[in-house]
Amino acid sequence: MLNIESSPLTGFLPVLKRMSRDNSLLATHMSLFTALFICWQRNAFVSPFMVNRRMLMTYAKIASVATYHKCIRELREKEYIGYKPSYHPQLGSQIWWLEQFDDSDASPPYITNE
């Protein structure tokens, strides 16, 4: 049985509660956030982690590139995530959590917001 008190998920519930109170978020935002969570989990809960658009769109069941970009931009603007696009399909973009529900820094020093 998972002990959430000692897991990387300790602070995840407040983030979900904050998202549930945010009336501007749609199901696509929640689906994309869930896809980001899966990628974080696959990266052993280490933040920042690398993602690519195609994979996230598949996990989140988002069919439109425009919808994907709108949702990722709005999650960043509302400070649910940090996001540094790579513009390179093989490298992927960097994502990190702005709220601390992992053991890493929210904005690692080697990531710059351009």
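The values are calculated or read from the model by the stated rules, or taken from the named source; none is laboratory data. Small disclaimer: the values here were computed from a predicted structure and weren't measured. Using ideal geometry, Cβ is built from the backbone for each residue, glycine included, and neighbour counts are taken over all protein chains shown.
List of remarks:
- Residue in region 64-71 that is surrounded by fewer than 18 Cβ atoms within 10 Å (Cβ to Cβ), hydrophobic (A, V, I, L, M, F, W, C) and modelled with pLDDT under 95 present: no
- Exclusive hit being modelled with pLDDT under 95 and over 15 Å from the mean Cα position of the chain (by Cα), set Leu98, Leu91: Leu91
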